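The values are calculated or read from the model by the stated rules, or taken from the named source; none is laboratory data. Quantities reported herein were computed from a predicted structural model and do not represent experimental measurements. Positions of Cβ are generated from backbone atoms using ideal geometry, with glycine treated the same way; all protein chains shown enter the neighbour counts.
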Amino acid sequence: MNRTLPKLLRRTAFVLAVMGSLFSAEDSFAQKKKKKEKEQPAPTAPARPQPSAPSNGPKPYKEVITAKAKTKEGLFNVHQIDDKYYYEIPDSLLGRDMLMVVRVAKTADGIGYGGENTNNLMVRWDKNGDDILLKVVSVNNYAADSLPISLAVKASNLEPILQKFSVKSRATDSTGTVIEVTDLFNKDTPALGLQRNRRTQYKVTRLDTDRTYISHINSYPINIESRYVLTYSASEPPSNSSTGLITLEMNASMILLPKEPMKQRLADRRVGWFARSYVDYGSDQQKAASRRYLDRWRLEVKPEDMEKFKRGELVEPVKPIVFYIDPATPKQWVPYLIAGVEDWQVAFEEAGFKNAILAKEAPSPEEDPTWSAEDARFSVIRYFASDIQNAYGPHVSDPRSGEILESHIGWYHNVMNLLRNWFFIQTAAINPDARGVNFSEETMGRLIRFVSSHEVGHTLGLPHNFASSVAYPVEKLRDAAFTQEFGTAPSIMDYARFNYIAQPEDKGVSLMPNVGPYDKYAVMWGYRPIPDAKTPEDEQATLNEWIVAKNGDPIYRYGRQGNSYDPTTQSEDLGDNAVKASEYGIQNLKRIMPNLREWTAEENKPFKDYSDLEEMYGQVITQFNRYMGHVRTNVGGVEEVYKSSGEGTPVYTHTSKAMQKSAVDFLNKQLFATPTWMMDDEIISRIGDFGALERIRGIQVTSLNGLLDWGRLGRVIENEALNGADAYKITELFDDLRKGIWTELASGKTIDVHRRALQRAHIEKLEELLTESPSPVPAQFRQYVGPQINASQSDIRPMARGELKTLLAQIKSAAGRTSDRMSKLHLEDAQARIEKILAEESGK
């Protein structure tokens, strides 16, 4: 038996008894203390804080959305309390795809224009505990969820979180979540503000939150429109530089995307269309293939009309395309804007639909107090009181399918000045309606209709088709019967302005394009339903048949914008031969010049100044320069005609030798031989004290440098390598230019001031070709200018050196035959320049 145990127990009992007396004494002391305090009040220690709900956690709804709240119901209920804004997000919309479209609503001078799109983001609102996450969803990569590779795609495309929001409350019926979104718009969220390149350009340092605020947030059934003013501190703002500030008013439109995306229609580069793409990792190709599909409206046949449609009868779509005219539009222009929209009815009839596209005036507040131009359910032609000479036709599309959801065409009031200038300069020689600076309402209305129709074409999904304007032979554009039936180009989507080819004797000729054969074909190709096709791939055979049926017909050819070396895809040109068309155009400019003072004057305004005369003279110079550009592009030109591999024909073809040679001959005669007809002292003496010579010199030097551009010369050299004697050789080009620019060397004639400047420019360009290299082209522009030439290893430098030596010998021989003093001094200077260039180059 353990004898120590009783002793241990007794000791433990003693300790517990002592501890008990201590606790009892403490309790007794506390009771006595309280009693004493009642008798003699004294300061006490603060009470120990009791546990409570976190102050930043969700609160009862009425504590967050108080009686002060101004609520707007819609996609989300939007609550405004003083200067704070709250979204009440229904649980049913968490995880739904939405599109955030960010535009500049009002801009600082020098930063684009109001209505300019700055960013498009596909977003989702997701819940994470007591937070709501606004995620940006990538649509650049895709694989069907049923495929194993979809796991890898998702793992490589984690959605960035644009912003995290604390949950402020739950909705009263517990089916929604309340968050505060104020900071999303009045703090610096780069995706919703000034673009990065402009921040760099203007040296923006920070967002000035003291000068930044939310103007309003409105909610509609399928969208939320947020208008907010951002002020940035900047070292080099584009205007009002003394302030060091840039202020912009932005608009972020968040649109709910359809739960079920529309079926895609796959793109084909042989038909011009705005398209989008993603990398499809689930395709059966043995590479990461790009999938391109069209942007287009959802036009569907009503189920009850499907048999009619299959029989070839026109049917009305389930939902037509409807444009509303902004209430701010001057009343006299409304009918012409409506007509421009509905001009496209004939194209949709080719696709099997009637009444597919409509336009109407916006309802008045009395007729419909709920209507708003900001509501994404409505497409609107917005009218801006602005001096910007422009109009634009954007559209908002579902990035998953290409479905166009809505469009807001921007129409600037001063586009009328642009139209006046074009119509005057290009048609006044044959058209009395264009001889003045203020057109009749009917004439201006017809021009507005023309531009309206063009911009609507963009909203339907059609880009510019710059191959259209060369489809018709030049002489056919002088034919009244032909142009009345077919217009001046087969597509209104080209920049084929007005008929500058027609001559005064061509009575009744049409002056502008309409929605033409190409437009009807393109709309049919993009919009006509193919009922038996279940998938986009099922449609491809039929779509290809439609293209092949038009093969080889220039009327149905598509040519992309921005191809700087294709003479058949140029802006502002007409007809299938730029030399012949430009000769007709110059004849008309020569008819306009003597009448310019009379046609820009106004009898009822004898007090007006010469600003209209100055503007129109500038337009003559500009139009003449356009003709030079149209012709110049043929030299070293390469025609691009998209084909499929099954067609077995080339895509790229060099411009013929005869056409290139005739282009250089034209430039020698019309430009390098001084165009003195533009030097009219009766005009020049009324519009400026200096600069007339510089205008002509600028056109001549620009064209010369363009002819001897590195890329153009590279294409000339390659053409010879590929086509031998059939090519226009670089030696022929240099010989023809020298003979045209230095004609006086053989004859000993006086060299006028224009020619002296041109000849010096020629020497300077040859020096550049001999001693320098082409400037690097940024990667994003290489598709437009082609591969860069390696100057040191090409034939360009030997050619330039040989040309300088030939010129030097001819100048030395001619100097003695020249009697005019200024001409002799010029030739001596030219000789010294060339000798210096050759000496310095050989001494390297």
Search region 811-844 for residues being of a type in the set (S, T, N, Q) and within 18 Å of Ala757 (Cα to Cα), and hand back the single one that is surrounded by the fewest Cβ atoms within 10 Å (Cβ to Cβ).
-> Gln831
Enumeration of residues in region 350-405 that are aromatic (Phe, Trp, Tyr) and either over 28 Å from Tyr495 (Cα atoms) or at pLDDT 95 or above (or both) | Phe353, Trp371, Phe378
Failed criterion for Pro776 (all others in (1) in a loop (DSSP other than H, G, I, E, B); (2) buried (at least 18 other Cβ atoms within 10 Å of the Cβ); (3) under 47 Å from the mean Cα position of the chain (by Cα) hold) | (2)
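Filter region 625-636 down to the residues that are out of contact with any helix residue (DSSP H, G or I) (no Cβ under 7 Å at 6 or more places or on another chain) and part of a loop (DSSP other than H, G, I, E, B) and list them by number.
Result: Thr633, single match.
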Show the residue pairs that are 6+ apart or on different chains and have beta-carbon atoms under 9 Å apart, the first residue being within region 673-689 and farther than 19 Å from Thr750 by Cα, the second being among the acidic types (Asp, Glu) and in a loop (DSSP other than H, G, I, E, B).
-> none
Can you give me the number of residues within region 659-682 that are among the hydrophobic types (A, V, I, L, M, F, W, C) and within 14 Å of Val631 (Cβ to Cβ)?
-> 7
In the list Ser277, Ser290, Ser253, Ser283, which residue meets the criterion of being under 25 Å from the mean Cα position of the chain (by Cα), at pLDDT below 95 and over 30 Å from Leu184 (Cα atoms)?
-> Ser290
Is it the case that some residue within region 500-513 is touching a residue at least 24 places away in the same chain (Cβ under 8 Å), closer than 24 Å to His464 by Cα and not in a loop (DSSP other than H, G, I, E, B)?
-> no
Going through (1) surrounded by fewer than 17 Cβ atoms within 10 Å (Cβ to Cβ); (2) under 25 Å from Leu99 (Cβ atoms) one by one, Glu349 fails only at (2)
Within region 416-456, track down each residue that is under 26 Å from the mean Cα position of the chain (by Cα) and β-branched (Val, Ile, Thr).
-> Ile448, Val451, Val456
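Quick one: in region 677-697, of everything that is part of a loop (DSSP other than H, G, I, E, B) and charged (D, E, K, R), which residue is nearest to Lys608 (Cα to Cα)?
Taking region 677-697 first, the residues part of a loop (DSSP other than H, G, I, E, B) are 679-680, 688-691.
Then drop every residue that is not charged (D, E, K, R), which leaves 680, 689.
Details: Asp680: 21, Asp689: 19 Å.
Here the answer is Asp689.
For (1) part of a strand (DSSP E or B); (2) basic (Lys, Arg); (3) not assigned by TED's automatic domain parsing to the domain that holds Lys520, each residue gets a yes or a no:
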site	(1), (2), (3)
Ser226	yes, no, yes
Thr231	yes, no, yes
Glu236	no, no, yes
Ile246	yes, no, yes
Asn251	yes, no, yes
Gly272	no, no, no
Tyr278	yes, no, no
Residue list for region 698-714, restricted to those being more than 28 Å from the chain's Cα centre (by Cα) and not in a helix (DSSP H, G or I) | Leu708
Counting only residues that are within 15 Å of Glu718 (Cβ to Cβ) and part of a helix (DSSP H, G or I), which one in region 653-668 is farthest from the chain's Cα centre (by Cα)?
-> Lys657
Residues in region 113-124: is at least one of a type outside the set (Asp, Glu), more than 21 Å from Asp375 (Cβ to Cβ), in contact (Cβ under 8 Å) with a residue 60 or more places away in the chain and part of a loop (DSSP other than H, G, I, E, B)?
-> yes
Could you list, in sequence order, all residues of region 380-402 that are within 19 Å of the chain's Cα centre (by Cα) and among the acidic types (Asp, Glu)?
-> Asp398
